[in-house]
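Notes for the one structure printed next.
We did not get these values from a lab; they are worked out from the coordinates using the rules stated. Just so you know, these numbers come straight off a predicted model, no measurement behind them. Cβ: placed from backbone, ideal geometry, glycine included. Neighbour counts: every protein chain shown.
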Amino acid sequence: MMSISSGNGRLQYLQFLKELKQKMKEENDNYVLSVTVPAAGISQWEDGFDLREIVRHVDFFNVFTMDYYGPWPNQWGTAVGPTSPLYGGINEKKNFNVNYTMQYYKKETGEPSKLNIVIPFY
């Protein structure tokens, strides 16, 4: 299985989105294409996406702004905190918040009107 964070995986994902968007337009111009992207700053997941190119082929992004804290172990220890803090975080987790994530995607895509915040209701 190829990792999307590899150079080839990034290119294949982008090509997939281009082709999918084209086929959708041929079928029905009213179809909407969106992608879901991970919270920024937690891992290198965002390295797997060429956001400047993807933004040209999707109608919007669903940005995960949740699960910054949870019961799973990680390099910072098992943390307790709000699942979706607007601001905050200390030390290694200073960027674990909605504001940082949305500012990151705003800067990387250049199109804030295409960003949707995924809000957890659990």
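Note down the relative contact order for region 7-118 as a percent, whole number, built from C-alpha pairs under 8 angstrom at least six residues apart. Don't skip to the answer; put the middle values down first.
Details: 155 pairs, mean separation 29.2, N = 112.
Once normalised by length, the contact order is 26 percent.
Checking the Cα-Cα distances for Lys21/Lys94; Lys18/Lys94; Lys93/Lys114; Lys18/Lys114 against a 28 Å cut-off, the pairs over it are Lys21/Lys94; Lys18/Lys94. Remark: region 50-59, residue by residue, has Karplus-estimated 3J(HN,Hα) of 8, 4, 5, 8, 4, 4, 6, 10, 10, 7 Hz, where x stands for each Gly or Pro and the curve is 6.51 cos²θ - 1.76 cosθ + 1.60 at θ = phi - 60°.
Note on the chain: GNM, Cα springs under 10 Å; of Val63, Val35, Val98, the largest mean-square fluctuation is that of Val35. What angle, in degrees between 0 and 90 and rounded to the nearest 10, separates the Cα long axis of helix 7-27 from the longest principal axis of the Cα atoms of the chain? Taking Cα atoms only, the helix is inclined about 50 degrees.
For region 7-118, the alpha-carbon radius of gyration amounts to 1.20 times the rule-of-thumb value 2.2 N^0.38 Å expected for a compact globular protein. Counting neighbouring beta carbons within 10 Å and listing from fewest to most, the residues Ser113, Ser34 come out as Ser113, Ser34.
Here's how it looks for Leu115: its modeled amide H is under 5 Å from those of Phe61, which are all 5 or more places away or on a different chain.
Per-residue Karplus couplings for region 86-97, computed as 6.51 cos²θ - 1.76 cosθ + 1.60 with θ equal to phi - 60°, are listed in order as 5, 10, x, x, 10, 6, 5, 9, 4, 9, 7, 7 Hz, Gly and Pro entered as x.
Give me the angle, in degrees from 0 to 90, between the Cα long axis of helix 98-109 and the longest principal axis of the Cα atoms of the chain, rounded to the nearest 10. With rounding to tens, the tilt is 30 degrees.
Test of the criteria: in region 18-122, which GluC sites (Glu not before Pro) are in a DSSP loop and have at most 15 other Cβ atoms within 10 angstrom of their Cβ? Intermediate results must be reported in sequence, preceding the final value.
Numbers: sites: Glu19, Glu26, Glu27, Glu46, Glu53, Glu92, Glu108; in loops: none.
Within region 18-122, no GluC sites (Glu not before Pro) qualify (loop, at most 15 other Cβ atoms within 10 Å).
Computed over neighbours whose Cβ is under 13 Å from that of Met24, the net charge equals -1, Lys and Arg +1, Asp and Glu -1.
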